[in-house]
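Reading through the structure tokens given below for one structure.
The values are calculated or read from the model by the stated rules, or taken from the named source; none is laboratory data. These numbers were taken from a predicted model, which means no experiment stands behind them. Neighbour counts are summed over all protein chains in view; Cβ atoms, including those assigned to glycine, are modelled from backbone coordinates with ideal geometry. Protein only, heavy atoms only, side chains kept; ligands, DNA and RNA dropped before computing areas. Shrake-Rupley method; radii C 1.70, N 1.55, O 1.52, S 1.80 Å.
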Amino acid sequence: MSAKMTRYKQTEFSEEDSSSMGGVQLNEPGISTGMQIRYHTARATLNWRSRNRVEKWLMATTIVLSFIIVSLLVIIFQREADKTTRILHVEPHKDNPEMPCLNEHCIFSANDILNSIDRSINPCDDFYEYACNQWVKNNPIPDGKSSWGTFSNIEQRNQLIIKNVLEKPMKSFKSEAEKKAKIYYESCLDRNDELEKLGAKPMVSFLWKIGGWNVSHTGFNIAKWTLANTLKLLQNRYNINCLFGWAIGEDDKNSTRHVIQIDQGGLTLPTPEYYENRTEIHRKVLKEYIEYMTKVCVLLGANETDARRQMQEIMDFETKIANITIPLEERRNEEAMYHPMKLWELDKLAPFINWTEHLDHAMQLVGRRVTEREVVVVYAPEFLKKLSQIIAEMEKTVEGRNTLNNYLVWQAVRVLTPCLSRSFRDAYKGVRKALMGSDGGEEVWRFCVADTGNVVGFAVGAIFVRQAFHGESKPEAEQMINEIREAFKVSIHNLTWMDKRTRERAIDKANAISDMIGFPDYILNQEELDKKYADLNVTANAYFENNIQSNIFNLKKNLEKLDQPVNKTNWGMVPHMVNAYYTPSKNQIVFPAGILQSPFFDIHHPKSLNFGAMGVVMGHELTHAFDDQGREFDKFGNINRWWDNKSIDRFNEKTECIEKQYGSYAINGRHLNGKQTLGENIADNGGLKAAYHAFLKTSMGKEADVLKLPGLNLTHKQLFFVSFARVWCSSDTEETIILQLEKDTHSPSRLRVIGTLSNMPEFAEVFQCKPGSKMNPEKKCAVW
């Protein structure tokens, strides 16, 4: 679903401070305070004249001795205080390895860890709870959110940095691209309530442009309607996905060129399971979604009863698509999915549209023509064949053709509804609550910062980089990658299950992996950045139209790639993103500036913390080159059988262990899909191992790398694993967990910690976990 559907405006309230400033109030004279305690001053009289000579001598001696004793005590206490002060400033600490590191960076790091770990938990019983219990307790899910963790926390910090710049006066922006970002952001904020004034008008006007909609009585004529014409308008002019997906991408078997790629698609809900009513949550989501559809239709002028009936018919049609959709876990063999064919062959396979005519119509937007001899790559031929049969049956009746058009138009309506007035946006709250356990309601500026990043991402990235990424971390991050790569190569070299020739090729592939860190250089070049977004039209106070223009801009940019060679330095992720990725067709790992900050990475942190957090991320992405999908690509980024068959069989045996291990885990009574998450689990395990062994060999050049952190009786080997686990500290609603189990290729955060560490003998050794304990099981799985 569109990310924009989470946008809701929220009224902000300021609370008056009713507490008194000091807390303690003094009573004025003459005012009774209830019980009073009176102190009487005793009169002490020496009566010196009445004393005899001996008494006078004894008294004088006593006074002198008392003075001497008091003076000696003062001197002793002063010396002790001086000694303590000197100890606190002894340099260097290395002369006394028992002393902790007390510079500000060590103190802040120690404080963060102390606020996260739970010392009452035995790390050998449940390391996630040991590392994260306090964090979870101290970080409840914020209002309007469905999950909260380290990633989202940093993301919010990044958003604030970007907001502070985007809200500066227009005259402070020099780059035209950044000015467009400012204009788009302001149109999203809608401070003048332009969206409220327009109401449904922008959508109604759009519906007339695309041939009308039977539901809202906006000029639809079934006698003139054809599936082909509506698809051309929606896909090839407005870049709205429906029925199937297609785009220009890198050819998996010739990564130097681009090719037209066609795949399954067409579902509105996250996974086919939501159409099958398997659980109460599924039923609730489906019910709320039809309710949402009906509300939007009514806002567009439809009769509620009629709209509900027609929306149900749309969902019935989508259920048919869900029934022929190939599950994620069955789409992990890249070579088996790769089906090159000429368009005339596709026309025979799935004749519900003329594919040559459809794609030729799209390519004319950039001055390119397509013939029936054009070779495309189809990833789901069986899906398209069955879809064609479903559509052919529906086109036999007027009702079926009505439903097809209603479905197509709804895809446009649902994508653009978040760009309308508040009543349209609020209509989605029930779906979000059912789907994710929260109805949203985040601050509108946060939504608009994220949305602006989706539209002009590298202009926003330039803003972020200038404010928050000064480049000092780049050389050290590069060094970390190289050290982790070397550790991974040693691991490959020591493998006993892989034959020598395949092992040598694997090491060659590891050496060939390129990396990009921080941001692409061109974004800080005003001329080049402006050129990138020169064709994007953005207008003040026109949020709905700006979104349509963004769709058109992205479509043209994608279509232009078809005859262009692949540029292996292009970034697929914006600089402010708190994430990282590996691209198999480029054999490349990328780490944006957004993630190169604490707690993942800080050049002042102990290396144990950097390697445990950012190092594992780096190892994770590198290991993706050798997971069950990445291993199919050679060092040049092409699908190629470069493995010996026996090594493939042994690899499959190793990965089957991982699949069964993670498939045995359950959360809230629901088992994880070990096959769907296999690639990420392989990367998690391999990345952790490579990062740890790189950490053991890295040079410890600063005090923080050697001395313990204050208040923590943990070695740096132990801190490595604590740092790793803390990255995954998070809280999620039950609905979000279910959604993740069904849709995500990653394991839930808790299992990313438990699963990897329980496979690692080095962890058990460092924390002295007894064999057979929960974190040190007898049976362990390892691929790399």
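Scan segment 304-327 for residues that are surrounded by 15 or more Cβ atoms within 10 Å (Cβ to Cβ), under 15 Å from GLU382 (Cα atoms) and not β-branched (Val, Ile, Thr) and report the count.
2
Mind counting the residues in segment 270-302 that are without any contact (Cβ under 8 Å) to a residue 60 or more places away in the chain and of a type in the set (A, V, I, L, M, F, W, C)?
3
Among residues belonging to segment 342-385 that are in a strand (DSSP E or B) and open to solvent by less than 30 Å² (accessible area, probe 1.4 Å), point out the one that is farthest from LEU678 (Cα to Cα).
The qualifying residue farthest from LEU678 (Cα to Cα) is VAL376.
On the basis of being open to solvent by 10 Å² or more (accessible area, probe 1.4 Å), closer than 30 Å to LEU343 by Cα, of a type in the set (D, E, K, R) and over 31 Å from the mean Cα position of the chain (by Cα), does LYS224 make the cut?
Yes; evaluated as a whole, the condition is true for this residue.
Could you please tell me which pairs satisfy a Cβ distance under 6 Å, a separation of 6+ or placement on different chains, a first residue in segment 511-535 that is among the acidic types (Asp, Glu), and a second residue that is assigned to a strand (DSSP E or B)?
ASP515/ILE589
Going through segment 706-722 one residue at a time, which ones are assigned to a helix (DSSP H, G or I) and open to solvent by less than 10 Å² (accessible area, probe 1.4 Å)?
LEU719, PHE720, PHE721, VAL722
Which pairs have Cβ atoms under 6 Å, sit 6 or more apart or on different chains, and link a residue in segment 150-162 that is in contact (Cβ under 8 Å) with a residue 60 or more places away in the chain to one that is among the polar types (S, T, N, Q)?
ILE161/GLN467
Cβ-Cβ below 8 Å, separation at least six or inter-chain, first residue in segment 553-573 and farther than 19 Å from ASN454 by Cβ, second buried (at least 17 other Cβ atoms within 10 Å of the Cβ) and among the acidic types (Asp, Glu): which pairs?
VAL566/GLU250
Output the number of the condition that GLY212 fails; it satisfies all remaining conditions of (1) open to solvent by 30 Å² or more (accessible area, probe 1.4 Å); (2) assigned to a loop (DSSP other than H, G, I, E, B); (3) not charged (D, E, K, R).
(1)
Pick from segment 725-748 the residues that are part of a loop (DSSP other than H, G, I, E, B) and of a type outside the set (Phe, Trp, Tyr): which of them is farthest from GLY612 (Cα to Cα)?
THR733
LYS197: open to solvent by 20 Å² or more (accessible area, probe 1.4 Å), in contact with a helix residue (DSSP H, G or I) (Cβ under 7 Å, 6 or more places away or on another chain) and at pLDDT 95 or above, yes or no?
In short, no.
Go through segment 493-518 and report how many residues are under 25 Å from the mean Cα position of the chain (by Cα) and open to solvent by less than 30 Å² (accessible area, probe 1.4 Å).
Just the residues of segment 493-518 that are under 25 Å from the mean Cα position of the chain (by Cα), to begin with: 513-518.
Checking which are open to solvent by less than 30 Å² (accessible area, probe 1.4 Å) leaves us with 513, 516-518.
The total comes to 4.
When both residues are 6+ apart or on different chains and their Cβ atoms are under 6 Å apart, which pairs have a first residue that lies in segment 759-777 and is within 16 Å of LEU688 (Cβ to Cβ) and touching a residue at least 24 places away in the same chain (Cβ under 8 Å), and a second that is open to solvent by 40 Å² or more (accessible area, probe 1.4 Å) and outside any loop (DSSP other than H, G, I, E, B)?
What qualifies is VAL766/LYS717.
Output yes when any residue across segment 414-431 is closer than 18 Å to ALA228 by Cβ and open to solvent by less than 50 Å² (accessible area, probe 1.4 Å), and no when none is.
No; the residues of segment 414-431 include none that is closer than 18 Å to ALA228 by Cβ and open to solvent by less than 50 Å² (accessible area, probe 1.4 Å).
Hey, which of the helices (runs of 4 or more DSSP H) in segment 580-667, taking only ones fully inside, have at least 3 residues that are open to solvent by less than 10 Å² (accessible area, probe 1.4 Å) and not polar (S, T, N, Q)?
Values: elements: 607-610, 616-623, 645-663.
In segment 580-667, the matching helices (runs of 4 or more DSSP H) lie at 616-623, 645-663.
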